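Contents: one structure, followed by commentary.
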Amino acid sequence: MRLLETVAGHEYGAPAKQLARETGLALPTTYHLLRTLVHEGYLRRDKGLFFLGEAAERLSGSGARQKRRSTIVDALAHWRDALGVPVYYAVYREGEIEVVCVSDTPGSPAVEEWAGFRETGHAHAVGQCLLSQLDEDARRDHLDRYPVQPLTPYTVRDNHSLLRRLERVRRMEPVTERQEYALGTVCAAVPLTFGTTAATMAISLPAHQADRLLPAARQLQGEIGRRLGTLALSISM
């Protein structure tokens, strides 16, 4: 590990003798470890100099992704506790709705995914919010693959009705649904748009607390605005 860290500190590579001196390792030990690391792909050798290899770069990329995910997870947990509601983070990626992470508590549990969130975007606030951020062609493509189907008596009835509803969604306004995905549950989703990435943060509440839904969604939106810079760096994980 010391060798890898030392090599990483030399953008233009370093020879074995310099690496041995900087790590405090014996030269024979350094040569042995360097050969092993090159063989395993963690280092590469070019004209007597050693550089990070593809395997080490993959580790670095994974670490960066984990750090970005941790930023999102910590933010969701903070807002969950501040608002007293489950908080969801989702993105629209490669034509699919992807719920990336959910933060809830035993006292305020998340909505049970009784019907796949990916296939039922028309019925929940997360899906409706993401679809509202797409252009018309992308929306129609999604509905061609996942047509509207009734899940509860309150679910939108057909593709045409859903498209009309999505057209009426005002930019950066929270999207709400009341018992369309699951009876007894209401949800709100706040749009997040960074570049070409459509994303959303959402909350859910029991239907008997529906009067809390929109105020809590607007409070969440304000909290997101205060951490927008940090989130923007993590949103593409």
Of all residues being out of contact with any Leu (no Cβ under 6 Å at 6 or more places or on another chain) and part of a strand (DSSP E or B) in segment 204-224, which is least open to solvent (accessible area, probe 1.4 Å)? Just the residue, please. Ser204
From the list Ser103, Ser108, Ser132, exactly one residue is within 16 Å of the chain's Cα centre (by Cα), modelled with pLDDT of 90 or more and small (Gly, Ala, Ser). Which is it? Ser103
Given Ala14, Ala26, which one is in contact with a Phe, Trp or Tyr (Cβ under 9 Å, 6 or more places away or on another chain), more than 30 Å from Gly116 (Cα to Cα), modelled with pLDDT of 90 or more and outside the structural domain of Pro147 (by the TED database)? Ala14
Taking only segment 94-126 into account, find how many residues are hydroxyl-bearing (Ser, Thr, Tyr) and either loosely packed, with under 15 Cβ neighbours inside 10 Å or within 19 Å of Pro147 (Cα to Cα) (or both). 2
Within segment 145-187, count every residue that is open to solvent by less than 60 Å² (accessible area, probe 1.4 Å) and part of a helix (DSSP H, G or I). 5
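The values are calculated or read from the model by the stated rules, or taken from the named source; none is laboratory data. Keep in mind that this is a model prediction, so the values were computed, not measured. Neighbour counts run over all protein chains shown; Cβ positions are idealised from the backbone, glycine included. Note: areas computed on protein heavy atoms with side chains; ligands, DNA, RNA excluded. Shrake-Rupley method; radii C 1.70, N 1.55, O 1.52, S 1.80 Å.
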